[in-house]
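In what follows, a single structure is set out as structure tokens and then discussed.
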Amino acid sequence: QKEVEQDPGPLSVPEGAIVSLNCTYSNSAFQYFMWYRQYSRKGPELLMYTYSSGNKEDGRFTAQVDKSSKYISLFIRDSQPSDSATYLCAMIGLGTNAGKSTFGDGTTLTVKP
Amino acid sequence: DGGITQSPKYLFRKEGQNVTLSCEQNLNHDAMYWYRQDPGQGLRLIYYSQIVNDFQKGDIAEGYSVSREKKESFPLTVTSAQKNPTAFYLCASSMKTLPNTEAFFGQGTRLTVV
């Protein structure tokens, strides 16, 4: 069983929709949770990170963590065609560093105009 | 501009040949990493290095080799022993310690075995 399971997708939504991207994990040692966005044929780039249970908001994006349920989500409000990309969740524990993240398999999102 | 540069963007290799992928960073990061990404799959760690002249195997190191002779450079060699080398290869760098959680990625090298 993988340590990080991500909703596989693909996901296709109309412009303006609210998008929910989700990951579950089994390793209680994970303490830092990141979301990366990867455009086609490009390297991933960090979108958001959080380390505590609850919500963290950044513009149209909200990262949610529920450590008791081992569940994280990324919400995108008022989705735009430019949000079309693959979204990867990533997690690390204390004592490790950022590049040794454990990644989900990614969810590919298409936002249709 | 600070960043991480991978070259070449596309690479073709004949079966049985070794090939080396380049990764250079000017972010002054101590730690560097190589990941492999296959279609529909997440990133799998091949090798990583936290300091010059030292590196460790990741989850899928068989058939690969690396060197870290300079802080800014971490080349990856895909050897003929790698059974299925066709993939998208990503290099990344980061600060060594938390709470710096961001890994900076290059734009990737797509390797195809012909």
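The values are calculated or read from the model by the stated rules, or taken from the named source; none is laboratory data. Everything numeric here is computed off the predicted structure, so don't read it as measured data. Cβ sites come from the backbone with ideal geometry, for glycine too, and all protein chains shown count toward neighbours.
Could you look through the range A:53-64, keep only residues that are closer than 15 Å to B:Glu102 by Cβ and modelled with pLDDT under 95, and pick out the one that is surrounded by the fewest Cβ atoms within 10 Å (Cβ to Cβ)?
Checking each candidate, the answer is A:Asp58.
So is A:Thr50 over 17 Å from A:Glu3 (Cα atoms), out of contact with any Phe, Trp or Tyr (no Cβ under 6 Å at 6 or more places or on another chain) and buried (at least 16 other Cβ atoms within 10 Å of the Cβ) or not?
When the stated conditions are applied, A:Thr50 does not pass them.
Output the number of residues of the range B:43-77 satisfying the condition of being buried (at least 21 other Cβ atoms within 10 Å of the Cβ), without any contact (Cβ under 8 Å) to a residue 24 or more places away in the chain and of a type outside the set (A, V, I, L, M).
1
Looking only at the range A:39-64, which residues are within 11 Å of chain B (Cβ to nearest Cβ), farther than 19 Å from A:Thr110 by Cβ and out of contact with any Lys or Arg (no Cβ under 7 Å at 6 or more places or on another chain)?
Answer for the range A:39-64, where residues must be within 11 Å of chain B (Cβ to nearest Cβ), farther than 19 Å from A:Thr110 by Cβ and out of contact with any Lys or Arg (no Cβ under 7 Å at 6 or more places or on another chain): A:Gly43, A:Leu46, A:Tyr49, A:Tyr51.
All but one of (1) assigned to a strand (DSSP E or B); (2) surrounded by 16 or more Cβ atoms within 10 Å (Cβ to Cβ); (3) out of contact with any Phe, Trp or Tyr (no Cβ under 6 Å at 6 or more places or on another chain) hold for A:Gly9, so report the exception by its number.
Of (1) assigned to a strand (DSSP E or B); (2) surrounded by 16 or more Cβ atoms within 10 Å (Cβ to Cβ); (3) out of contact with any Phe, Trp or Tyr (no Cβ under 6 Å at 6 or more places or on another chain), only one is false for A:Gly9: (1).
Quick one: which residue in B:Ile51, B:Ile46 is over 20 Å from A:Tyr32 (Cβ atoms), more than 8 Å from every other protein chain (Cβ to nearest Cβ), over 12 Å from the mean Cα position of the chain (by Cα) and of a type outside the set (Phe, Trp, Tyr)?
It is B:Ile51.
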